[in-house]
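**Student:** Can you read through this structure? Questions will come right after.
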Amino acid sequence: MMNRLRTMTAIGALALGGAIAQPAQSATICFAFQDLETEFWVAGHLAITTTLAEQGHTVLERNANEDANRQFEQVNDCIAQGVDGIILIPQDGESATTIVANAQENDVPVAVFNRPPSDLSRGIVVVADNATIAEQAVDFIVDQALEAADDDATLNAIIMVGDLGDPNAVGRRTGFFNAINKHADRFNVTEVATNWDAATGLANLEAALTANPQVDLLFTSSDFLFPTIRSVLEPRGMWVQRGEDGHVWMAGLDGDATACQLIKDGYVDATGVQDLFFEAEAAMEAILRAITEGNTDPNEVIEDPGFALTFENKEEREMDMWGCVLLAEGFLD
Amino acid sequence: MNTHEPAGDRPRLAVSPDAGSASGTAAAGHPQRCAARTVRDRAEAVLLSDYFVLYLSLAYMAILIPFLPVLGTPANLSNVLSNMWPLLVVAIGQTFVLTIAGIDLSQGSVAGLTSIVIAVLIATAAPEQVLGQTPVWGWLLTENGGVLAGISFGTWIGVLLVLVLAALIGLANGLAVAVLRMPAFMVTLVGLIGLSAFAIWLTQSNNLRNLPPEFVAMGRGTLVSLFFGEQYQAQLPRREVHAFVTWPMIIAISIALAAHLLLSHTVFGRRVFAIGLNRKAAEISGVPVRRIIVTVFVISAVCAAIGGLMYTGRLETGRPTLGGGNFLLDVIGATIIGGTSLFGGKAKILWTVWGVLFFVLLGNTLNLMNLSAFHVDMVKGGVILAAAFLDVSRQRLQRRRT
């Protein structure tokens, strides 16, 4: 599976290669990431490392294993090694702010990939418009759920909330409520904390469903939780395909291969898509441009507008979603 | 009681047992045997020396520098020192507990709890959107920050409060071990789980920034930086200014000196060793065992708290998850590598200093070798195992020489 992913990513990398600005000489880039626990991070990691290597740059990889202090030390070690630039996937927004400031104080340009610092004013920050993407996905399932329900029925909605120390999680929660609040009188909302941890999400979702077994709509702040959700809903007879009695309208966010498969299978109805390849390309391009221009403290927010893939538009747009591309390459085989 | 005195420091007779042999062959072989014995004695002396791990660290650096020239650069040495200080403070606390043949697994969670409590008390601002649903919102923390924000000496009152909190945790641990005679492993394991969950509950796993600058200085404040000119290794010109004398350094060295005096030059220290060697014998000898054990756990918790404060200042963020992951591996590993015995009764603060230096150096060099986090942890685990084996060998050697 990983070989296929590598092949696919290499193809993607070659496709990206021509578009990215090149410094006068090959650069040494420190790629510091917090871990690779989801499909999104795995695919992002491969896209970045493969593309940079294909272009002749040296990549020093640093995996902090979800430890913010370790990441801080690893980035400092990279700076001591004389890297030209840093691409960072931080543990959280707060540690990102400290690390970005520290790198800039040492005259090293830094780009933050996908998980933004709590202070957006420093560094190159490539981030999805989480609130808008989430709102689009939730709008879709809200409309579907209301259409399928009686006119005066009040529906129960669940949101699986991420780690609210991560601005991505905050944005997704905001997007969810923006959509729900358009019909505030029609929904009771239960928030289930996950802290971006499948085991925590499982325990809290089980508790929420034990307290209130009736669920009409569920939004997960990340697609990586769908297997967890399935393991809770299936034994309760709530993992039901679209068009059948008891179907829970479901949406997620990320756009991974599992979500793509579940939309095709009819269990999930929509997912907000972050354009992983755009984000990877934007981060690499910006950091290489900063090196070329001699800019040690580039400050720029690059927004990925994203979109919502739904069962209605999947025929036209599925190949715009990175997870569906991976799926087509046999990622889940 | 001076059982922790390394045998390597004692005068030795260099007389061979074969010295009186009348055999011509033996006589001919005598100088070689003497030379071999002298080399072995010297090797044993080095192995038992207080400075063994320092020698090991220097040898390790000397071997690697030709392959990793960056290892000896001012930037990297500054990093190594900066990584060392907070870990040293926590490891000093663990040294006391290991000396009484105990273990303190709760140090990481004490550091995490300390980190988030101090942030809640002294932060100068807090986002309601993120923290509005937490149990501390509205009475300890508001949009204007913690209850001590903006108050004269508020930061230092906060620091004092969290140190008292840590001391109380240590007191509880110590009482459970000393009075209730519960195993230290179990008591502190419960502390590890319970305190960590409590810390996470306080802010619902959220981190807290906006800490006052005087507090941040505890973790990364610089007193003396050295300018080494422009660096041309990278494509972009870079100022080579590196911190060498920092507040964390001052704090850690002060604590190390105080701990050294306490452990090696006071009645209290001798009693700590006595308990570690044989608790029953210490009781019979009139050592106030319970009081000493409780005090040792208080010291350990307070050291963990100070280390937690230093890490918090360094990251400029209160984090309830601080001290999780492999933190305990680092603390216990560094202490054991230094030479402190897992079986109790054998420790020196100086050993812990060298152990932390070696451990930090190891992590640093593995990073510079571009190994992944998983490989780094595997190597660290192997080094800790080697250190434990070395500990056993040193004990055996010491027994043989005494």
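**Student:** If you fit an axis through the alpha-carbon atoms of helix A:39-54 and take the longest principal axis of the Cα set of chain A, what angle between them do you get, 0 to 90°, nearest 10?
**Tutor:** Roughly 20 degrees between the two axes.
**Student:** What is the extension gain from B:Arg401 to B:Leu161, computed as 0.36 nm multiplied by their sequence separation minus the C-alpha to C-alpha distance, in nm to one decimal? Don't skip to the answer; put the middle values down first.
**Tutor:** On the way: separation 240, 0.36 × 240 = 86.40 nm, distance 4.86 nm.
Taking B:Arg401 through B:Leu161 to full extension adds about 81.5 nm, to one decimal.
**Student:** So if I average 1/r over every pair of distinct C-alpha atoms in region B:270-325 and take the inverse, what Kirkwood radius in Å does that give? List each step's numbers first, then the result.
**Tutor:** Working: mean 1/r = 0.0750 Å⁻¹.
When all Cα pairs of region B:270-325 are included, the Kirkwood radius is 13.3 Å.
**Student:** Take peptides B:160-168, A:85-93 and line them up by average Cβ neighbours within 10 Å, highest first, as a rough protection proxy. Show your work: numbers first, answer last.
**Tutor:** On the way: B:160-168: 17.3, A:85-93: 27.6.
Ranked by mean Cβ neighbours within 10 Å, highest first: A:85-93, B:160-168.
**Student:** In whole Hz, what ³J(HN,Hα) sequence does region B:117-132 give by Karplus (6.51, -1.76, 1.60; θ = phi - 60°), x for Gly and Pro?
**Tutor:** 3J(HN,Hα) across region B:117-132, in whole Hz: 5, 4, 5, 4, 6, 10, 4, 8, 6, 8, x, 5, 4, 8, 9, x.
**Student:** Using 7 Å Cα-to-Cβ label points, what is the B:Arg37/A:Gln25 separation (nm, one decimal)?
**Tutor:** 6.1
**Student:** I've got another one for you. Collect residues whose amide H, placed 1.01 Å from N in the peptide plane, falls under 5 Å from the amide H of A:Val161; neighbours closer than 5 in sequence don't count.
**Tutor:** Correct list: A:Val192, A:Ala193, A:Thr194.
**Student:** Could you work out the mean count of beta carbons from other protein chains within 10 Å of each residue's beta carbon in A:91-97? Mind dumping the intermediate values first?
**Tutor:** Details: counts 4, 6, 4, 10, 6, 0, 4.
Taking all residues of A:91-97 together, the mean is 5.
**Student:** Per the protein assembly as shown: cysteines with no other Cys C-beta under 4.7 angstrom?
**Tutor:** When partners are defined as cysteine Cβ atoms under 4.7 Å apart, the protein assembly as shown leaves B:Cys34, B:Cys303 without one.
**Student:** Starting from one equal scatterer on each C-alpha and no solvent at all, send me the Debye-based log10 I(q)/I(0) for the protein assembly as shown at q = 0.05, 0.08, 0.10, 0.11 Å⁻¹, two decimals.
**Tutor:** Results for the protein assembly as shown at q = 0.05, 0.08, 0.10, 0.11 Å⁻¹ read -0.30, -0.72, -1.04, -1.19.
**Student:** Tell me the relative contact order for region B:33-144 as a rounded percent, counting alpha carbon contacts under 8 Å between residues six or more apart. Write out the running numbers ahead of the final one.
**Tutor:** Working: 30 pairs, mean separation 13.0, N = 112.
RCO, region B:33-144: 12 percent.
**Student:** ³J(HN,Hα) across region B:145-150 via Karplus (A = 6.51, B = -1.76, C = 1.60, θ = phi - 60°), whole Hz, x for Gly/Pro?
**Tutor:** For region B:145-150, the Karplus-derived couplings read x, x, 5, 9, 5, x Hz, x marking Gly and Pro.
**Student:** OK, next. Choose one answer from A:Thr271, A:Thr190, A:Thr220: the residue with the largest mean-square fluctuation in a GNM of chain A with alpha-carbon springs under 10 Å.
**Tutor:** Highest fluctuation of the listed residues: A:Thr190.
**Student:** Along the Cα→Cβ direction, 7 angstrom out, place labels at B:Lys280 and B:Phe244. What is the inter-label distance in nm?
**Tutor:** 5.4
**Student:** In degrees between 0 and 90, to the nearest 10, how far off the longest principal axis of chain A does helix A:93-105 point, with axes built from Cα atoms?
**Tutor:** For A:93-105 against chain A, the angle is about 10 degrees.
**Student:** A:Glu300's amide H: which non-local residues (gap 5+, or another chain) put their own amide H closer than 5 Å, with H modeled 1.01 Å from N in plane and none for Pro or chain starts?
**Tutor:** A:Gly123, A:Ile124, A:Val125
**Student:** Starting with the highest mean, order A:125-138, B:126-139 by the number of other Cβ atoms within 10 Å, averaged over the residues of each peptide. List each step's numbers first, then the result.
**Tutor:** Values: A:125-138: 24.9, B:126-139: 16.2.
Per-residue mean Cβ counts within 10 Å order the peptides as A:125-138, B:126-139.
**Student:** Highest mean first, how do A:50-61, B:73-84 rank when packing is the count of other Cβ atoms within 10 Å averaged over residues? It would help to have the intermediate numbers written out before the result.
**Tutor:** On the way: A:50-61: 18.2, B:73-84: 21.0.
Peptide ranking by packing, descending: B:73-84, A:50-61.
**Student:** Could you work out the mean count of beta carbons from other protein chains within 10 Å of each residue's beta carbon in B:360-369? Walk me through the numbers before you get to the answer.
**Tutor:** Details: counts 1, 0, 0, 4, 5, 1, 1, 10, 5, 0.
Taking all residues of B:360-369 together, the mean is 3.
**Student:** Let me ask another. Above 17 angstrom, tally the Cα pairs of region B:142-253 and express them as a % of all pairs, no decimals. Walk me through the numbers before you get to the answer.
**Tutor:** Values: 4574 of 6216 pairs.
Considering region B:142-253, 74 percent of its Cα-Cα pairs are separated by more than 17 Å.
**Student:** How are the C-alpha pair distances of region A:236-333 spread across 10 Å bins, as whole percents from the shortest bin up?
**Tutor:** That works out to 15, 36, 24, 15, 7, 3, 0, in percent per bin.
**Student:** For the Cα atoms of chain B, what angle does the longest principal axis make with the long axis of helix B:349-368, in degrees from 0 to 90, nearest 10?
**Tutor:** Approximately 70 degrees, to the nearest ten.
**Student:** Amide H to amide H under 5 Å from A:Met250: which residues, 5+ apart in sequence or cross-chain, H placed 1.01 Å off N in plane?
**Tutor:** A:Leu218, A:Asp269, A:Ala270
**Student:** Also: Which whole-Hz couplings ³J(HN,Hα) result when phi for each residue of region B:58-75 is put into the Karplus expression 6.51 cos²θ - 1.76 cosθ + 1.60, θ = phi - 60°, listed in order with x for Gly and Pro?
**Tutor:** Per-residue couplings from phi come out as 5, 5, 4, 5, 4, 5, 7, 4, x, 8, 10, x, 5, 4, x, 6, x, 4 Hz.
**Student:** B:Lys280: which lysines have alpha carbons under 20 Å from its alpha carbon, excluding same-chain residues fewer than 8 sequence positions away?
**Tutor:** Cross-link targets: B:Lys346.
**Student:** Across peptide B:317-326, how many C-beta atoms of other chains are within 10 Å of each residue C-beta, on average? The partial results should precede the final answer.
**Tutor:** Values: counts 9, 1, 7, 1, 8, 3, 1, 2, 7, 3.
Per residue, the average neighbour count from other chains is 4.
**Student:** So, in nm, how far is label B:His265 from label B:Ile63 when the simple model puts each one 7 Å beyond its Cα toward the Cβ?
**Tutor:** It works out to 3.6 nm between the two label points.
Every read-out reported here was derived from the displayed coordinates using simple, explicitly stated rules and does not represent laboratory data. Everything numeric here is computed off the predicted structure, so don't read it as measured data. Note that we place each Cβ from the backbone using ideal geometry, even for glycine, and neighbour counts take in every protein chain shown.
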